[in-house]
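Enquirer: Structure below; questions to follow.
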Amino acid sequence: MCLVFKVFRAKTAYAIKLNSTAENNGVNISNDTNGNPTKINFVNAGTYNIQFSAQFTTTSSQKEDVQIWLAVDGTNVTESNTQLTVQGNGQAVVAAWNWVYTFTANQYAQLFWATTNTDVTITGSLTPLDAGPNVPSVILTATQVTYTIQGTTG
């Protein structure tokens, strides 16, 4: 699904919405207290590689900064923030990075973003080039890379 996520106030944190799911094997999306699908729920304890990409554009003619970070159970993860610059005048930039984090069963994570100007948006494209599929605004993958074993093993 290609959606545009607009910031209503500059320099304010907003959770990134995740509006559709391709697969969910022990990881699912649920709504936050505002009713938005932003919570990434981890059913099983273990260490996960959380990867994402998000496409940013701005209608501003100026360069604008964007910061993106990870929060777990409503608390920002220390030193998870990264900043990028959107060049302006409709040019797109894709942020793509990952975190490795150990979760207990039923913990949740969220991606947050903030920008210097409300003209910056997270946006995809409903009109792809040629015969390709739509360009999503955000792609998220959460892959369990280690497992917590409980009880006896064979």
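The values are calculated or read from the model by the stated rules, or taken from the named source; none is laboratory data. Note that the coordinates shown come from a computational prediction; the quantities given were computed from them, not determined experimentally. Cβ sites come from the backbone with ideal geometry, for glycine too, and all protein chains shown count toward neighbours. Areas reflect the complete protein model, heavy atoms only, side chains present, ligands, DNA and RNA absent. Shrake-Rupley method; radii C 1.70, N 1.55, O 1.52, S 1.80 Å.
Enquirer: Show which aspartates and glutamates lie in cross-link reach of LYS39 when reach means a straight Cα distance below 17 angstrom and same-chain residues fewer than eight apart are skipped.
Expert: Partners found: GLU23, ASP73.
Enquirer: Which order, highest average first, do 106-117, 88-99 follow once you tally other Cβ atoms within 10 Å for each residue and take the mean per peptide?
Expert: Numbers: 106-117: 19.5, 88-99: 13.8.
Packing order, densest peptide first, comes out as 106-117, 88-99.
Enquirer: Please state, to two decimals, what the Cα-based radius of gyration of the range 50-125 comes to when divided by 2.2 N^0.38 Å (N = residues). Before the final figure, lay out each step's value.
Expert: Numbers: Rg = 13.8 Å, N = 76, 2.2 N^0.38 = 11.4 Å.
Rg over 2.2 N^0.38 Å, computed on Cα atoms: 1.21.
Enquirer: Right, here's the next one. Over the Cα atoms of the range 58-99, compute the convex hull volume and normalise it per residue, giving Å³.
Expert: Working: hull volume 3.2 nm³, N = 42.
About 77 Å³ per residue, rounded to a whole number.
Enquirer: Run the accessible area of the chain with a 1.4 Å probe and give the carbon-and-sulfur part as a rounded percent. Before the final figure, lay out each step's value.
Expert: On the way: 4170 of 8830 Å².
Taking all protein chains in place, the chain shows 47 percent carbon and sulfur surface.
Enquirer: Taking the alpha-carbon centroid of each part, what is the distance from the range 62-95 to the range 29-50 in angstrom?
Expert: 19
Enquirer: Next question. Just from the alpha-carbon atoms, what are the Rg and Dmax of the chain in angstroms?
Expert: When restricted to the Cα atoms of the chain, Rg and Dmax are 16.7, 62 Å.
Enquirer: In Å², and per residue, what accessible area does the range 27-66 have when probed at 1.4 Å with the other protein chains present?
Expert: Values: 1680 Å² over 40 residues.
Per-residue accessible area for the range 27-66 comes out at 42 Å².
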